[in-house]
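Chemist: Below you will find the structure I want to go over with you.
FYI, it's all coordinate maths here, none of it is from the lab. These figures come from a predicted structure and were not determined experimentally. Counting neighbours? That spans all protein chains shown, and the Cβs are built from the backbone with ideal geometry, glycine included.
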Amino acid sequence: MALPDKELTRVGELLDAFCLARSGVAVTIAYQVRGNRVTLVETRPLFIDPTIQNSVNVAQFEFDPDLQVWTLYWYDRKNRRQPYPTGRNRNTLEKLVAEVGSDPTGIFWE
């Protein structure tokens, strides 16, 4: 199921700014939309061969159209999606993007 137009607009507004702010000279943060899921991807040169770019999934936001809420997932070292323990009142995209940015648990960023 595709994201509703309203949510897709919000995704673009929030994540375009987020990715631009977190990207640097060698590291690029981007997002991919597929169905009702939005995945943050970090791309950087490999340490042993900087001519090769390595992409890693950082986080995924999933929209539930019935409940009109977002859920956050993180990726473990084997690139498996795991539910993020968001607690209460963190079901809006804005709050979840802020959670990834601040990374209080240390599981999204190095």
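Chemist: Given (1) 6.7; (2) 7.4; (3) 9.2, which label gives mean projected area of the Cα convex hull in nm² as computed from the coordinates?
Modeler: (2)
Chemist: Let me ask something additional. Please list, by residue number, everything in the range 42-58 whose backbone N is under 11 Å from a paramagnetic label point 7 Å out along Cα→Cβ of Asp103.
Modeler: What the label zone holds, given the 11 Å backbone N cut-off, is 42, 58.
Chemist: For the pair Gln68/Arg44, report the inter-label distance in nm, with labels modelled 7 Å from Cα in the Cβ direction.
Modeler: Those two pseudo-labels are separated by 3.9 nm.
Chemist: Further, regarding this structure: Give me the extension gain from Ala26 to Met1: residue separation times 0.36 nm, minus the current Cα-Cα distance, reported in nm with one decimal.
Modeler: 5.6 nm
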